[in-house]
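Engineer: Handing you this structure, nothing more for now.
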Amino acid sequence: MFHFANQQFLYLLILIPVFIIVYVINVRLRRKSMDKFGDYEVITSLIPLLSNRRPLTKFILMLTALTLLIIAAARPQFGSKLKEVKAEGVEIIIALDVSNSMLAQDIKPNRLEKAKRAISRLLDNLRNDKIGLIVFAGDAYTQVPITTDYTATKMLLSTISTDMVPKQGTAIAYAIRLAMRSFSPDEEVKKVLIIITDGENHEDDPITAAREAKEKGILVYTIGMGLPKGAPIPLPGQSNFRKDANGNVIMTKLDEATLIKIAAAGGGIYTRANNVKVGLSQLYKEIEKLDKKELETVVYSEYEDSFQYFVGFALLLLLLEFMIMERKNKKLAKLNLFEIKK
């Protein structure tokens, strides 16, 4: 695979066509000046050592050398071999609630945005652990399969919104069962599921699902997003709030009791978020205390610099350019070294 470490230097290549235009204009001006003294062919025949091709050859060599030096400054690199890296860590899947109730603003700027920012900060601190993302509302979907590519995970995290899952609701049990299928089959690796939700479950039995996960060696942690007093759900792009069939404003409240039971059944810990912190960092500190297993990860090795080859060839061309004189050498003219017509 080919790669430039300093791609910004490639913008200097725009100088190449500029130099060509300047050279062509200069040649035409010289020809025009000589035409004032008579026929160009007659004048050049009177100057036997004058060469038309040598200056062009020197210009091409100089221009090629400049191009190679610009490419060298951009640091061309080859390589990108895949290599296997072994490190100790755990597998973590975060199941993030994206139902409409997560737009409530009792936690600023809203429950969902606050949770996404906390996940992003967690990703900045991860080193050897594998991470996965699941989004759920009335159904559950895998957003990021289990991986160590934290950069790609952050990019996909930024795209998460309440529009991702067409079916509304809060199916926590669906998210737990999807996570159970998403972890690696290695039974020795510690597996942790972190559910971030307001806890208003409307589907199935999440407590039973958490118990099943624990039996499979998966610890289930929960984070409650929202305040017990509740908050209305704003309508996107409007100043109004969602209302029920009777026209009453819907208040979404944190179902803390359910989340505590889920964490207890899953062998994990429950944490309540607030406007100061979400609590994800605190949970990760607890996770770090778990016994970790050596994980095998395939990563790209570092690229190998190859700019020296471009510099070397450029210097060779500059040496040739220096050795070639613009006028013919009296002694070498008969050798016709460059096959130049006299």
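Engineer: Count, please, the residues in segment 129-171 that happen to be more than 16 Å from the chain's Cα centre (by Cα), over 21 Å from ILE233 (Cβ atoms) and at pLDDT below 90.
Structural biologist: Here the count works out to 1.
Engineer: Also: Sort through THR170, THR147 and tell me the only one that's of a type in the set (Ser, Thr, Tyr) and closer than 23 Å to ASP255 by Cβ.
Structural biologist: THR170
Engineer: Please find, among LYS216, LYS243, LYS190, the residue that is more than 15 Å from TYR270 (Cβ to Cβ), under 30 Å from the mean Cα position of the chain (by Cα) and among the basic types (Lys, Arg).
Structural biologist: Step by step, each of LYS216, LYS243, LYS190 is checked, and only LYS190 is more than 15 Å from TYR270 (Cβ to Cβ), under 30 Å from the mean Cα position of the chain (by Cα) and among the basic types (Lys, Arg).
The values are calculated or read from the model by the stated rules, or taken from the named source; none is laboratory data. Bear in mind that the values here come from a model prediction, so they are computed numbers and not experimental data. For neighbour counting, all protein chains shown are included, and Cβ atoms are generated from backbone atoms with ideal geometry for every residue, glycine included.
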